[in-house]
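The values are calculated or read from the model by the stated rules, or taken from the named source; none is laboratory data. Here the structure is a predicted model, which is why all the values come from computation and not from measurement. Cβ sites come from the backbone with ideal geometry, for glycine too, and all protein chains shown count toward neighbours. Just the protein is used for accessible areas: all its heavy atoms, side chains included, with ligands, DNA and RNA removed. Shrake-Rupley method; radii C 1.70, N 1.55, O 1.52, S 1.80 Å.
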Amino acid sequence: MTKKSTKRSKTKPRGRVDRYDPSEIEPRWQQRWEADELYRAGIDPKRPKYYFLTMLPYTSGDMHIGHWYAMTPSDARARYLRMRGYNVMFPPGFDAFGLPAENAAIARGIHPRDWTYANIDNMRRQMRSMGAMWDWKREAISSDPEYYRWSQWFFLKFFQNELAYKKMSPVDWCPQCNTSLAREQVITEKRVCERCKTPVTKKDLEQWFFRITNFADELLDFSLLDWPEPVRLLQTNWIGRSEGARATFHTEHGDAFEVFTTRPDTLWGATFMVLAPEHPLVEKLTTPEQHETVHAYVEEAKRQTDIEREATDREKTGVFTGGYAVNPVNDERIPVWVADYVLMTYGTGAIMAVPAHDQRDFEFARKHGLEVRPVILPEGVEALDGKTMPEALPVYGKMINSGPLSDTPADKAIDRTNAYLEERGIGKAAVNYRLHDWLISRQRYWGAPIPIVYCPEHGQVPVPEDQLPIELPADVEWLPTGESPLKLHPSWKHTTCPICDREAERDTDTMDTFMCSSWYHLRYLSPDYDKGPFDPVEYDYWMPVDTYTGGIEHATLHLMYTRFFHKVLRDLKLAEGHEPMMQQRNQGQILGPDNQRMSKSRGNVIDPDDVVRTHGADTMRAYLMFAYRWSDGGAWNADNIQGVIRWLNRVWTLCLETANAQASGPMPEDVRTLQRKLHQTIRQASHDLETFEFNTVISALMELTNAITDARDAGMAGHESYQETIETLLLLMAPLTPHIAEELWMRLGKPYSIHTQSWPEFDPEIAKEEQITLVLQVNGKVRDRVQVPASITDDEARQMALENESVQRHMAGAEPRQVIVVSKRLVNVVV
């Protein structure tokens, strides 16, 4: 028999091809796409909609690597969905109010508006350089009066429905500058004002709140959401739902105050009380002898943050007020202390201390010589002596030393105690939340003014809707102290009452910037609409947001406020559905080359503009998606970007070589191999783009590029399957590297635009491997690896293993006791 020749013809050498020059290609396509409104997303009932949203940037002036890492992979997935047939909206915008603009005004003598809008111009340029499919017609900027008119309108709706209210609340205060301070203005380690270095204290101011606590239980329900578990856990812990009881104690003077406890069964073990330094009863309870000590302690506590006060590794301090309270379950007189680890923002600002069953209380009691009285006896323990206990026992068990409820078993202790409290009118079962209402007042200028006026006769009066927006005055004076110019403006705050037309004053606070960012996804629907915050026709088509991407650092503020905001609008019949965003995903963080967080002070900042100028946006996009798992991030590595550069240049060369190539007799198995790799790549890219695994998509495309190179060298260039593979490679690259894909698509003579083409479909039969590797073991040790047909059955695999020469040699003539087959993977012969 004549042996068949396996010699392969080589592709004829091609002439030189044009050099890949992203600096020429990318701006040209960006301009054309925008001029053609290629990414304009309008209502189209014939296509399924997909609202893809990535978090809008703050107008700091520069788009950093973190912006690129969040936005360009999100853009890749949005483009992929568009190619899958969805009508995708991917809008841009800017979160433009906030403190940095005011700091710039003071430091540089520039108006916050001028600073902000100059930054927006630069950031627009940078966002355009990404090559993302932004629908610029939908751009929204939160500091535009046309935008914050509706932020004020929403405030009025909250106010009219008793969801906005005003109360006294502490703020960080600089007595030297005579102004409140934001967190960023306080030097954390020393708790001093960043401007004048004066020690910061707390001061009570009347401030506006939203009743987010009304929605606490609903915010704990994530059943409709495809959100990451860490985000749900962070929100759950932030809301902090606790079940227990509220019990009413009285001071010796007869003043009642409530205590919330998750362990009402330990009430008989309360041997002292602790109040937060801010509790209104502290001053009333403090005796003359203790006044100086308590006052000094309270003032020191005011200089600390809640986080510092709650730190578990910090020694618990406190001072005795000299006053006493009465325990309602046994009428015992117990001392009242003040301690900074108790916060007014959690529970009632007062706790009953049960040192036998709470370690913090135990340490405090031992330090100050207070009684430790056990009232819970754990199973297996015969007796407890509070004087000799080495530590607290925070356990459930039989109630002891508990008056009429002594001997109550553990499984009935809490229910019986709650019933006991309610029967005697001294307490009842209750639920407590760590979450407190959303404080939205800011004593700042650069924010949306609160649309309330104060009339001597009518008090708080909402501004009529037809007078919105209440615009910020442009002619403001900036003092080095940072005091809000709205307070100092000679005329802006002076107005008339909408009810009686008498002289009145405007509220000089502005709203928390999270107020504006809690509904920006709605303004994107119709940014020029002037009959409401959004066009209801657009709402009905586009909402809810299908996918929302951004950093996990926003889990407990922005993301929760946005959910709350939506639920309020739903209840007010302004929106539909229970959630605003159905799927949410978080990217990781790109660190500097030194594996530290990027910062100018460390000198490790990578400027995306520099990378784009040097290597192009597609290189930047592909590197960010290839070098890291998107949800993890990692350290920037300038050397690794070279691999991406080489890949894009290889794709460029392969595609341009194809233009005039002629096949020279490829072998059938070469054709099958290339087709199999192509369909496997389509399958993997489709799956991984669905699951945000961008790194493995790029990796698969690199492997396909290698396979195309092998096919070219095997004489396939010019063959129809080779041409199909080249064209499909570009379609797969289009969402990830949109510029080079568009350019090469055009150069292959294909119709404009590649971004309006359909995503390729894979054939499972073609993607199947013809052969697989079967591992053969004897007593669990690998003895051979053999290539077998992918269709092999378990019985055939068993028989092949028993007949294998290496397996037989290691069996040494012994009979097999068992043959274990893991289908299409391995056979283990046990002897």
- Excluding ligands, DNA and RNA, the carbon-plus-sulfur percentage of the accessible area of region 417-535 with a 1.4 Å probe reads 47
- Burial-style ranking of 784-790, 684-690, average other-beta-carbon count within 10 Å with highest first, yields 684-690, 784-790
- Query: Among bridges DSSP assigns within the chain, what percent are antiparallel (round to 5)?
  - Reply: 75
- Options [x] -0.48, -0.61, -1.14; [y] -0.42, -0.58, -1.26; [z] -0.52, -0.68, -1.28 - which one matches log10 I(q)/I(0) by the Debye sum over Cα atoms at q = 0.05, 0.06, 0.11 Å⁻¹ as calculated here: [y]
- Message: Greater than 31 Å separation of Cα atoms is the criterion. Which listed pairs, 428/573; 203/493; 202/387, meet it?
- Response: 428/573; 202/387
- Task: Amide H neighbours of residue 179 under 5 Å, at least 5 residues apart or on other chains, H built in the peptide plane: list them.
- Result: 174
- Let me know the charge dipole size of region 316-440 about its Cα centre in debye, to the nearest 20, where only the beta-carbon of Lys, Arg (+1) and Asp, Glu (-1) is charged. 240
- Angle between the chain longest axis and helix 112-129 axis [Cα atoms, degrees, rounded to 10]: 20
- In region 552-675, what percent of the accessible surface is made up of carbon and sulfur (1.4 Å probe, ligands and nucleic acids excluded)? 46
- Using only Cα atoms, locate the centre of region 223-274 and the centre of region 331-383, then give the distance between them in Å, rounded to an integer. 15
- Note on the structure: Summing -39500 (n - 2.57) over every DSSP H run of at least 4 in the chain, dividing by its residue total and rounding to the nearest 500, the 222 nm mean residue ellipticity is -11000 deg cm²/dmol
- Task: Measure nothing but the geometry: give the 0 to 90° angle between the long axis through the Cα atoms of 720-733 and the longest principal axis through the Cα atoms of the chain, rounded to 10°.
- Result: 10
- Message: Positive end of the dipole of the chain, charges at C-beta (+1 Lys, Arg; -1 Asp, Glu), about the Cα centre: which of 347, 147, 359 has its Cα farthest in that direction?
- Response: 147
- Query: In Å², what does the accessible area per residue of the chain work out to with a 1.4 Å probe?
  - Reply: 46
- Query: Which of the GluC sites (Glu not before Pro) found in region 233-329 are loop residues per DSSP with 13 or fewer other Cβ atoms within 10 Å of their Cβ?
  - Reply: 252, 315
- Projected onto the charge dipole of region 521-643 (unit charges on the beta-carbon of Lys, Arg, Asp and Glu, signs +1, +1, -1, -1), the Cα from 583, 554, 612 with the largest positive-side position is that of 554
- May I ask you to list the GluC sites (Glu not before Pro) in region 536-627 that are in a DSSP loop and have at most 13 other Cβ atoms within 10 Å of their Cβ? 576
- Cα axis of helix 410-423 to longest principal axis of the chain: angle in degrees, 0 to 90, nearest 10? 40
- Query: What does the charge count near residue 112 come to, summing +1 for each Lys or Arg and -1 for each Asp or Glu among other residues with Cβ under 11 Å from its Cβ?
  - Reply: +1
- Note on the structure: A correct Karplus calculation of ³J(HN,Hα) over region 20-34, with 6.51 cos²θ - 1.76 cosθ + 1.60, θ = phi - 60°, whole Hz and x for Gly and Pro, returns 6, 10, x, 5, 8, 6, 5, x, 4, 6, 4, 5, 5, 4, 5
- Note on the structure: For residue 221 the rounded accessible area (nearest 10 Å², probe 1.4 Å, non-protein molecules ignored) is 70
- Query: Put +1 on the Cβ of each Lys and Arg and -1 on the Cβ of each Asp and Glu in the chain; which of 472, 510, 544 then has its Cα farthest toward the positive end of the dipole?
  - Reply: 544
- Note on the structure: Quick calc, the chain, dipole around Cα centre from Cβ unit charges on Lys, Arg (+) and Asp, Glu (-), nearest 20 debye, gives 2760
